[in-house]
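In what follows, a structure is listed as structure tokens, so that the remarks can point back to it.
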Amino acid sequence: MNPRRVLALLAAAAMLVACARVPYTKRIQLNMIPEPLVNSIGRVSYAQMLSGANVRRGGDDAAVLQRVGRRISRVAKKPKYKWEFSLISDSTINAWCLPGGYIGFYTGILPVLKNEAGMAFVMGHEVGHATARHGAERISQQLTLIGGLVGLELLLSKETNWNPEERAIVLGALGVGAQFGIMLPFSRMHETEADVIGLMYMAEAGYPPAESIRVWDRMNEAAGPGLPSFLSTHPSHKKRQKNLREWMPRARKRYERNKLDRNTREVLWSGNATGRGRRL
């Protein structure tokens, strides 16, 4: 068999093996990075991010974070993940998740969350990034894009009379087009998917899913002027709320079967949410 055909078949087989489905949305994704490898990267990066940070180890706020994190991670059904949740004293209005279940919340986001249910939605969103393996998918996309551009450079150098400068112009234009036409939309898709997963996780953990809409109302109030939607790695607040409303009937059914017998919308954090990094 022709060596090129063998390589093509091997590449096709690798692509099939690398395909996976996102929780709830069932989108088929290309994910070529082994889960143990990317989770190890998450563990190392988590230690680096917490190094020198003012992490709250005790107190009521940290206790709420741990309680919510345990409930949400339990319904995520990823027993091999080393779930860890850290509350960091910082005015940044943000939360983040690293592969493998390593999650950080900044105290600056607490007034936006307002209550335990609000925290459950954002926690579900971050856990959703981990269970959907969005980090590994982004790396896979970037590797695929780089490989494609390298292959095109080899083809152009062999099949055309273009000089290196002309080839660089074409490849640069394609790179910019891919960034705005492929990579950014995928990032917005990841955020939308994490919202859906977070909504379903919070409902299954017994938190009222309607609070997710209110979180984005409060986030919108706290946020300053943002980039146009087509340049942003995140969807607009209105688009996120519209998507959540579409999934709300399914979330309510899960909530009715699992709702907690206590008030999780009692105000725990109030005040004006001001700070930097106002996007999730």
On full extension of the chain, what length is gained from ALA53 through LYS242, given 0.36 nm per residue of separation minus the C-alpha to C-alpha distance? 64.4 nm
Would you mind computing, in nm to one decimal, how far apart the modelled labels at LEU260 and LYS82 are, each placed 7 Å from Cα along Cα→Cβ? 2.8 nm
Karplus-derived 3J(HN,Hα), 6.51/-1.76/1.60, for each residue of segment 117-133, Hz, glycine and proline x: 5, x, 5, 4, 5, 5, 4, x, 4, 5, 4, x, 4, 6, 6, 7, 6
Structure shown: which of LYS82/LYS239; LYS114/LYS238; LYS82/LYS238; LYS26/LYS77; LYS77/LYS259; LYS26/LYS80 lie over 23 Å apart, alpha-carbon to alpha-carbon? LYS82/LYS239; LYS82/LYS238
Relative packing of peptides 34-40, 126-132, 260-266, 199-205 - highest average C-beta neighbours within 10 Å first: 199-205, 126-132, 34-40, 260-266
Ranking request for peptides 105-116, 88-99: highest mean number of other beta-carbon atoms within 10 Å first, then the rest in descending order. 105-116, 88-99
Sorted from fewest to most neighbouring beta carbons within 10 Å, what does the list ARG245, ARG43, ARG133 look like? ARG245, ARG43, ARG133
Which order, highest average first, do 45-57, 65-77 follow once you tally other Cβ atoms within 10 Å for each residue and take the mean per peptide? 65-77, 45-57
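Values quoted throughout were computed directly from the atomic coordinates according to the rules given, and no laboratory measurement underlies them. Computed from a prediction, not measured in an experiment: that's the story for all the values here. Don't worry about glycine lacking a Cβ; one is built from the backbone with ideal geometry, like all the others, and counts go over all protein chains shown.
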